[in-house]
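The values are calculated or read from the model by the stated rules, or taken from the named source; none is laboratory data. Just so it is clear, the structure is predicted and the values come from calculations on it, not from any experiment. Ideal geometry is used to build each Cβ from the backbone, glycine not excepted, and the neighbour counts take in all protein chains shown. Ligands, DNA and RNA are stripped out before the accessible areas are found, and what is left, the full protein with its side chains, is counted by its heavy atoms. Shrake-Rupley method; radii C 1.70, N 1.55, O 1.52, S 1.80 Å.
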Amino acid sequence: MDLILVLLGFICMIVGVFGSFIPVLPGLSSSWVGLLLLYLTKAVENNYWVLGITFVVMVIITILDYVIPSKGTKKFGGSS
């Protein structure tokens, strides 16, 4: 079971890195899911503070990723 979680975690991490460059892939959220999968194994010590802080940062950045372009477009008179 641990081997499957480790493999899925690394795959999600790699998809997350590619998602940082390719706009179609969800980079940040898939990287966090990969981190969560790695923390569910016995290979990595459980540290819930790290998971909680990275989750909050991921949510804030994901929200800002949608809000900032729309506010900037509205402020500078762009078309919808």
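Quick look at the numbers
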{"quantity": "Per-region count, the stretch 44-66, residues open to solvent by less than 60 Å² (accessible area, probe 1.4 Å), assigned to a helix (DSSP H, G or I) and either over 16 Å from Pro23 (Cβ atoms) or touching a Gly at 6+ places or on another chain (Cβ under 7 Å) (or both)", "calculated": "6"}
{"quantity": "Pairs, first within 16 Å of Leu28 (Cβ to Cβ) in the stretch 41-58, second open to solvent by 70 Å² or more (accessible area, probe 1.4 Å) and among the hydrophobic types (A, V, I, L, M, F, W, C), C-beta under 7 Å, six or more apart", "calculated": "Met58/Leu28"}
{"quantity": "Test: Val67 is of a type in the set (A, V, I, L, M, F, W, C) and under 13 Å from the mean Cα position of the chain (by Cα)", "calculated": "no"}
{"quantity": "Residues located in the stretch 19-43, provided they are open to solvent by less than 70 Å² (accessible area, probe 1.4 Å) and either among the hydroxyl-bearing types (Ser, Thr, Tyr) or at pLDDT 90 or above (or both)", "calculated": "Ser29, Ser30, Ser31, Trp32, Val33, Gly34, Leu35, Leu36, Leu37, Leu38, Tyr39, Thr41"}
